[in-house]
Structure formats: structure tokens, C-alpha cells
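Heads up: the structure comes next, in C-alpha cells.
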Amino acid sequence: MTAPGISFAPGTVREALARAKALGLDRLDAQLLLVHHLQRPRSWLLAHDDATLTPEQRERFDADATRRADGVPIAYLLGQREFHGLMLQVTPDVLDPRPDTETLVEWALELLAGELAALPAPQVLDLGTGSGAIALAVKHAAPRVCMRALDASAAALAVAQGNAQRLGLEVGFALSDWWSALVPPRLHLALSNPPYIDGDDPHLAQLRHEPLQALTPGPDGMAAIERIVDGAPTHLEPGAWLLLEHGFDQGAAARQVLQRRGFTAVATRRDLAGQERCSGGRWPG
Ligand code: GLN
């Protein structure tokens, strides 16, 4: 690990970063883990690379660096993730919120400020809320909405509820397998980032630390999207919008499912990487 001619004092910040690098960690991830275990700002870390870690700090940092090298999301190790400007607590019970999902939030906020602007208290729902990321981001940016959020996992709902409480945002949570437990009133806007990865997609192996039921609906990656679209109309007001996140190669399929069910103005939005990421449409009623 030690390059010839360079000596590392045992137990220093510099040595800890070198060990993490040898494990294959990004420098930023290693710094974030150190910041977390030393309870110091990153600026302090950068100026104190010969500061000494206590044996406990060293042990905890090394254990987390090893987990990170094994593919555990940095958010689980830090216990938090920033999403759309909000700091969310995340645990392995919920999907690690992705920046891609901010595309869905932005579209929802545009509708609330545009086509749905005349509604004083639009009824909005997040299906499969996980950490609460979508519901909380929308409620935070558009406080007038009446926000509800569903999830089939009680453990995920507990995480989402904790986030709502910490952030002081009012969201009505309920345990529900997609639409099954939803009660009136009908919605003006329904949002979801459902599981959409095909069950046999090799990409799932890299995501093995996240809850499988949040990533894949089973063999057919479109199954949850189809269920949500099929069940939507009985819960939507005329003129309501349904927006769904999907895989980069599922745009055409998602548009077709929406159009077949009778949605109008069906469109797709791309994420920051330029991939088709969200599709949605208006329910004519
Ligand atoms: N976007 C995630 C990924 O591909 C999957 C999220 C999901 O299935 N809803 O890593």
C-alpha cells in the first residue's frame, strides 16, 4: 500500500485515505466517510491530513470503506442523501434516491405552477414513496398541495414518516400495494418512481444492497408501470396528470401503455444524462 519513498504515519487522515484508495474507493467517498466518522467539516479534513484518528474512528472508517468497496451505497453508510435540496435520512429499507428522479419532481412542479395553478389545494399522490423523496420534495416546493404517499413496505413508510417529521412537512402516509388502499378524494396529480428493472437484468447485481422490491417488479420490468396506469383512472379527477419514472429504454412502452388506457397529451421527459426517464399524460375524464 505504501509507495516507495512515501511514508504514512499510522492512524492519520492521510493514511486512512490511502487505505480507502487501495480498496478502490473514490477520493470524495473516502473523504465523506471520514467527515462522517470524525464529525468535522470537509474543509477541516483537507487542511489536517496528518491529524490522528482514534482507534475507534479508524476501525469504523475501515469497516465502512470495506462496505463501500463492496458496493453499499454511500448514502446508507452516511445515513443520508440530499434530494432536490432536502436532506433525507435513508436506510437499506428504501431505495437510495437518484438525481434522475428530480426530473419527475421538476415536471410535477411545472404542472402545479402551470396547468394546475388555479387549484388552491391540489390533491397529489406519490405511489411507492420509499424514503419519501418525491412527496417531500413536491410538498416543500409547493406547500399548497394536499400530499399523500403510499408504500407497500411498512419499514419504508417508517423512514418516510421520519423524514417528513424532521423536515416539518405535512404528508399523509398509508400502507398500500399501489392503489389498493387509496381512499377519496380523487387526485389532480399522481406520481411514481416504481420498480422497473427486468428481474433478469444483470445490472441488478450491482444494486444488491438496495431493496429488491423497490428495483424490480419481477420478470417483466413494465409490470408495475402497467398496474399503476391501469388502476389510475378510478382515482383521477378529469384533467389530472399521471407521471411515471421508467428505465432509459422504456419510454416508448410507457407512452403506449398510457395512450392505450386513454391518457392524452402523453409525453416523455429526459434526465440530466439525456435519457428518456419519465412519461406521463392527462386523464380526460
Ligand atoms: N433508477 C434506478 C436504477 O436503475 C432504478 C429505480 C427503480 O427501479 N425505480 O438504478
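The values are calculated or read from the model by the stated rules, or taken from the named source; none is laboratory data. Bear in mind that the values here come from a model prediction, so they are computed numbers and not experimental data. Neighbour counts run over all protein chains shown; Cβ positions are idealised from the backbone, glycine included. Remember, those area values only see protein heavy atoms, side chains included, never the ligands or the DNA or RNA. Shrake-Rupley method; radii C 1.70, N 1.55, O 1.52, S 1.80 Å.
Some points to look at:
- Spatial separation of Cα centroids for the stretch 156-232 and the stretch 262-282, in angstrom: 18 Å
- Element breakdown for the stretch 146-222 at a 1.4 angstrom probe: carbon and sulfur atoms account for 57% of the accessible area.
- A simple packing score, the average count of other Cβ atoms within 10 Å per residue, orders the peptides 107-117, 224-234 as 224-234, 107-117, with the highest score first.
- DSSP beta bridge pairing in the stretch 131-285, given as percent antiparallel to the nearest 5: 50 percent
- Computed Rg/Rh of the chain, alpha carbon atoms with Kirkwood Rh: 1.05
- Cα gyration tensor shape of the stretch 143-285, rounded if a/c is under 1.5, else prolate or oblate by comparing a/b with b/c: oblate
- Comparing mean-square fluctuations of S43, S180, S131 from a GNM of the chain with C-alpha springs under 10 Å, the top value falls on S43.
- For the stretch 143-285: relative contact order, % (alpha-carbon pairs under 8 angstrom, 6 or more apart): 20 percent
- Vicinal HN-Hα couplings computed from phi for the stretch 76-91 (Karplus, 6.51 cos²θ - 1.76 cosθ + 1.60; Hz; Gly/Pro x): 5, 6, 7, x, 7, 8, 7, 9, 6, x, 10, 8, 10, 7, 10, 10
- Percentage relative contact order, the chain, counting C-alpha pairs under 8 Å, at least six apart: 13 percent
- 5 angstrom amide H check on D198, placed H, neighbours 5+ away: G221
- Protein heavy-atom accessible surface, 1.4 Å probe, per residue over the chain: 47 Å².
- At 0.692 mPa s and 37 °C, Stokes D of the stretch 22-156 from Kirkwood alpha-carbon radius, µm² per second: 191 µm²/s
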